[in-house]
Amino acid sequence: MSDAIKRIVATDCGSTTTKAILIERNEAGDYRLVARGEAPTTVERPFEDVTLGVLNSITELEEITETTVPAGYTAGRRTLIKDGKVWRQLKEGARDSSGVNGPLESSDLYVSTSSAGGGLQMMVAGVVKSMSAESAERAALGAGAILMDTLAVDDGRKDYQKVERLRQLRPDIILMSGGTDGGTTSHLIEMAEVIRRADPKPRFGDMKLPIIYAGNKQASADVGKVLGEGISLQVVDNLRPTLEKENLGPAREEIHEMFLEHVMQQAPGYSKLLEWTSEEVMATPNAVGKLLKEYAENEKINVLGVDIGGATTDVFSVFLSGSGERIYNRTVSANLGMSYSICNVLKETGVENIARWLPFEISPAEVRNRLRNKMIRPTTIPQTYEDLLIEHAVSREALRLAFLHHKSLARDLVGVQTESNIDRLFNQGAAGQSLVNMMALDMVIGSGGVLSHAPNRAQSALMMMDAYLPEGVTMLTVDSIFMMPHLGVLSEHLYAAAKQVFEYDCIVKCGHCIAPVGTGKDGEPCVTISGDGINVSVPFGEVKVIPVGRDEFKNVTITPAKGFDVGEGKGKAIQVKLEGGTVGVIVDARGRPFDINLNTPNRIQKLRSFLSALSLPLPK
């Protein structure tokens, strides 16, 4: 089948914009991006048919290919729409070697993702907030859900307050968990009674509310009886069969199935879209996570990805756990964004934490006013360089706060097998160390308007360096035009094509970042990079760029000064293969931990020196 696939169309039906891409295989057998188009999503009046936006975006692909195609591809308009729908040749039969129907007609594979209609909104309910409820959160977030609230027996709320909360929020799906297999049942029945009393109604239609039960299997029958006939209950394997083991896969798969059946089906025109696609439609955040997980596992690397939008910030990570398995986690910070939620960032972090990143004098009141203007005019873009720097300062704080939230949830498990009384566990922490190990991180992928559309890639690199504080040697990349959802759903069926387009057309490599861990005084020796024509020493407190282009590699020895660590221990040298990029190899000798505040001596001069080091313009 894969040998017959020459042309792929993929769409992502977002809440406001539908984006389409066209991928083709060239004579060398490699898949590349040929064209990209977009159109407004059409799920609201007067259209109320998601497929109209799909056809409009794919029509743009047809028009683009009529005038412009990359070198090495046959010029001419592609016929991707026929009889008012997306035309797939392989649906009727594979194109033969003679080029039946001509080389420019039809696509061979059409895949799509969707978050039209606001995405999947879920609540989770568990027994112990720091154990089963936290596992349920990881399962829901990893399946692409927006987490509305978490209920737990020990969350400090009275039953009537939980009932009120359930009635108020009206989630699409509820995930129930709790108890190891053979363990507690009474607390699960108690939580089921709360849900039954609330009698929550789904957002769409008059169907039964879907509830996924992923707790103690011995309690599933009793929970089903308590919930009654008014609930659509689906039982899957326990999320925490033992205290030391977490099993998120079955619950995530069931969430995806229920999302397709109960939520996506309600989007106008969705059933028609399902008939057109070669494979099942996937939720947009689920597709992004799928791509990162597949890529990390196949390339044997640890990856951290972020998508910062106008209202929310999603963080994705794939890290090697102590058991040798690569664990995927996703979190969504629904109150941190760059337009609609920009004042939430201001509220959460404080104006001082935003102003500390600005390389010019400005009063806190002026910063607040500019951010409030952005909130009431969320679609505006910066008009001056100062405005741009203020937005970049906000993005650093939004990224930092979302990352702290992610690290708090992406953790190893610790349990006490001999503990038999569930009540004693209420006061015990059940999660271990964070899986996010910055020294072991291989790649950071930044996505979203403020990162993808920054005027200079060095600005994106500096924002990620300031927000995430990478350690050791880390590749910094940016998703150029946000193709990760399209490539995520494609990777499920044709990973080779998804990988090639991801590496060549999707991510832009800024270059490796070298960041020694340790602290010192400004100007003291920090790190030396030598070998392959490079001999650079960078003192503490400075940032320096070594000019190395994309696809240019350097085998070097990195020697940290005494008291600094780049991966092998304090003062120990490492040999690595560095790759450059649009910025080059960046040496960040500001130390770890690195912090700057309004009272830091020479703060503005330091910030201006960091901009100069990356050849970025200075504000007047």
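Distances between placed amide hydrogens fall under 5 Å for Ser114 paired with Cys13, Met282, Ala283, Thr284, all partners being 5 or more residues away or on another chain.
Cα gyration tensor of the chain, axes a ≥ b ≥ c as square roots of the eigenvalues: rounded (a/c below 1.5), prolate (a/b > b/c) or oblate? It comes out oblate by the Cα gyration axes.
Can you bin region 213-268 into rounded, prolate or oblate? Criterion: square roots of the alpha carbon gyration tensor eigenvalues sorted a ≥ b ≥ c, rounded for a/c under 1.5, prolate for a/b above b/c, oblate for the rest. Judged from the Cα gyration tensor, region 213-268 comes out oblate (a/c at least 1.5, b/c at or above a/b). Rg and Dmax of region 450-598, based on Cα coordinates, read 16.7, 53 Å.
Computed extension length for Lys577-Arg77: 175.7 nm, one decimal, from 0.36 nm per residue of separation with the Cα-Cα distance subtracted. The convex hull of the Cα atoms of region 287-613, projected and averaged over all directions, covers 19.0 nm². Annotation: the antiparallel percentage among DSSP beta bridges lying fully within the chain is about 60. Each Cα pair under 8 Å and six or more residues apart adds its sequence gap; the mean of these over the residue count of the chain is a relative contact order of 11 percent. For region 137-216, trypsin sites (Lys or Arg not before Pro) are listed when DSSP marks them as loop and at most 16 other Cβ atoms sit within 10 Å of their Cβ; the list is Arg157, Lys158, Arg203, Lys208. For region 133-176 versus region 496-563, the inter-centroid distance based on Cα atoms is 43 Å. In terms of its C-alpha gyration tensor, region 267-401 has an oblate overall shape, because the principal axis ratio a/c (a ≥ b ≥ c, square roots of the eigenvalues) is not below 1.5 and a/b does not outweigh b/c.
The modelled label-to-label distance between Leu598 and Lys620, using points 7 Å beyond Cα along the C-beta direction, is 2.6 nm. A cut-off of 5 Å between modelled amide H atoms, ignoring neighbours fewer than 5 places along the same chain, links Ile231 with no other residue.
At full extension, Lys225 and Arg157 could sit 22.0 nm farther apart than now, given 0.36 nm per residue minus the alpha carbon distance. Sorting Thr277, Thr180 from the fewest to the most surrounding beta carbons within 10 angstrom yields Thr277, Thr180. Measuring spread by the Cα atoms of region 120-266 yields a radius of gyration and Dmax of 13.5, 40 Å.
Extending 7 Å from Cα along the Cβ direction at Arg368 and again at Asp412 yields two label points whose distance is 4.5 nm. Secondary-structure-derived ellipticity at 222 nm for the chain, considering helices only, amounts to -9500 deg cm²/dmol, per-run term -39500 (n - 2.57) for DSSP H runs with n ≥ 4. Length gained on full extension, Asn298 to Ala496, computed as 0.36 nm times the residue gap minus the Cα-Cα distance: 70.2 nm.
Readers should treat all values here as calculations from the given coordinates under stated rules, not as data from a laboratory. Here the structure is a predicted model, which is why all the values come from computation and not from measurement. Cβ coordinates were reconstructed from backbone atoms using ideal geometry, including for glycine residues, and neighbour counts include every protein chain displayed.
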